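The values are calculated or read from the model by the stated rules, or taken from the named source; none is laboratory data. Please read these numbers as outputs of a predicted model, since none were measured by experiment. We place every Cβ from the backbone using ideal geometry, glycine too, and count neighbours over all the protein chains shown.
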Amino acid sequence: MSRWLGVDIGGQSLKAVTVDELGTSAGHATRPTGRAATVRDLAASIRELARELGHEPGRAIGVGVAGCVTLDGIVRGSPNLPALAGSAIERDLGQALGARVVADNDAHCHALAEAWLGAATRIPTFLLVTLGSGIGSALVVGGRVYRGATGYGCELGHAILRPGGRRCGCGNLGCLEAYVSEVALGSRIPEEAPALAARVDALMRDRGLGHAHALFDLADAGDADATALADSLAAELGIAFGSAVNVFDVELIVLGGGIAPGILARLPRLRRAMAGTLFARDEAAVRIVPASAGALAGAVGAARLAMTAV
């Protein structure tokens, strides 16, 4: 049975997996990356992983990138991998590896995995949202990822939640990602709740947690300040979800990423906020479920990308 190699390139690591036509993994491996990683660095790591995982030379390789990838394979922006900005990643990696490379945004690849093997199987139209350092999102319509006119399709994290609000990493003011993300909480907590910040910092130091996990743990333990902010995160995401449903008319939202469990634990608060923004849709008819394609979903989706591109 044929196998395809999928690679998920993030700011901290590169994850690779080989899968067959049924989605069964034949092996996986990782390598470190880092903000300074270049296309040449990535090609060397992928070449090494391809040999380790027994990838068939010449077969197409799927690549998911933490950044905006145009329809013609150009990385136009990657906050966590700035050295890739402007690179023709499909062409350059393909030449270095001696194989066809098919690339897309990492959230788009994650959505492919959820549609194939995860929480959205047999659901033709759905929205995937991943919550972590930032916000990733992907819209699947009729079983295909919507990439838009240029490839950037469905950047929900950069929808404006509060005009003139907090500055986002993209440079705009008031983006959803500037409120509901690990990076945003690093500055938001001390700005909005200085007393809470000390308790969050202590928990992060003692238990090695991130800002979001520390916040949710304190809220679960009854900390009033943490509860108020955690509820705000859920409500802000609910407003964005309601707006997305109004625009895209999806029946299912798949929620993944490291922050997702804390938000899903506050699902009633999110759904109340979503209900307040919906137009001509019943809130109860929109399902919100956890992602289930696993920690290697981005790489599995990239393999699927390669599989369906041939």
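If I filter the range 209-226 down to residues being in contact with an Asp or Glu (Cβ under 8 Å, 6 or more places away or on another chain) and not in a helix (DSSP H, G or I), which single residue comes out as farthest from GLY258 (Cα to Cα)?
LEU209
Return the residues of the range 191-208 that are surrounded by fewer than 16 Cβ atoms within 10 Å (Cβ to Cβ) and either of a type outside the set (A, V, I, L, M, F, W, C) or outside any helix (DSSP H, G or I) (or both); say none if nothing qualifies.
Result: GLU191, GLU192, PRO194, ASP201, ARG205, ASP206, ARG207, GLY208.
Residues that are among the basic types (Lys, Arg): which strands (runs of 3 or more DSSP E) entirely in the range 64-134 hold 1 or more of them?
75-77
Residues checked against (1) under 20 Å from ASN105 (Cβ atoms); (2) of a type outside the set (A, V, I, L, M):
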position: VAL145; (1), (2): yes, no
position: GLY153; (1), (2): yes, yes
position: LEU156; (1), (2): yes, no
position: CYS170; (1), (2): yes, yes
position: CYS175; (1), (2): yes, yes
position: ALA197; (1), (2): no, no
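Quick grid of which residues meet (1) at negative phi; (2) under 18 Å from the mean Cα position of the chain (by Cα):
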{"residue": "ARG188", "(1), (2)": "yes, no"}
{"residue": "PHE216", "(1), (2)": "yes, no"}
{"residue": "ALA219", "(1), (2)": "yes, no"}
{"residue": "ALA224", "(1), (2)": "yes, no"}
{"residue": "ASP249", "(1), (2)": "no, no"}
{"residue": "GLY258", "(1), (2)": "yes, yes"}
{"residue": "LEU264", "(1), (2)": "yes, yes"}
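Looking at this structure, is LEU252 of a type outside the set (Ser, Thr, Tyr), in contact (Cβ under 8 Å) with a residue 60 or more places away in the chain and either within 26 Å of LEU296 (Cβ to Cβ) or out of contact with any Pro (no Cβ under 6 Å at 6 or more places or on another chain) (or both)?
yes
State which residue is surrounded by the most Cβ atoms within 10 Å (Cβ to Cβ) when the search covers only the range 51-63 and only residues that are of a type in the set (Gly, Ala, Ser) and part of a loop (DSSP other than H, G, I, E, B).
ALA60
Could you check how many residues of the range 138-159 are charged (D, E, K, R) and crowded, with 18+ Cβ neighbours inside 10 Å?
Total satisfying the criteria: 2.
Any residue that is outside any helix (DSSP H, G or I), touching a Gly at 6+ places or on another chain (Cβ under 7 Å), closer than 18 Å to LEU270 by Cβ and assigned by TED's automatic domain parsing to the domain that holds ALA235 - is there at least one of those in the range 152-161?
Checked against the condition, which is being outside any helix (DSSP H, G or I), touching a Gly at 6+ places or on another chain (Cβ under 7 Å), closer than 18 Å to LEU270 by Cβ and assigned by TED's automatic domain parsing to the domain that holds ALA235, the range 152-161 yields at least one hit.
Would you say GLU48 is surrounded by fewer than 24 Cβ atoms within 10 Å (Cβ to Cβ) and more than 20 Å from ALA309 (Cα to Cα)?
Taking the combined requirement at face value, the residue satisfies it.
Would you mind finding the one in ALA138, ALA149 that is in the same structural domain as ALA212 (by TED's automatic domain parsing), assigned to a loop (DSSP other than H, G, I, E, B) and either more than 21 Å from PRO79 (Cα to Cα) or small (Gly, Ala, Ser) (or both)?
The unique qualifying residue is ALA149.
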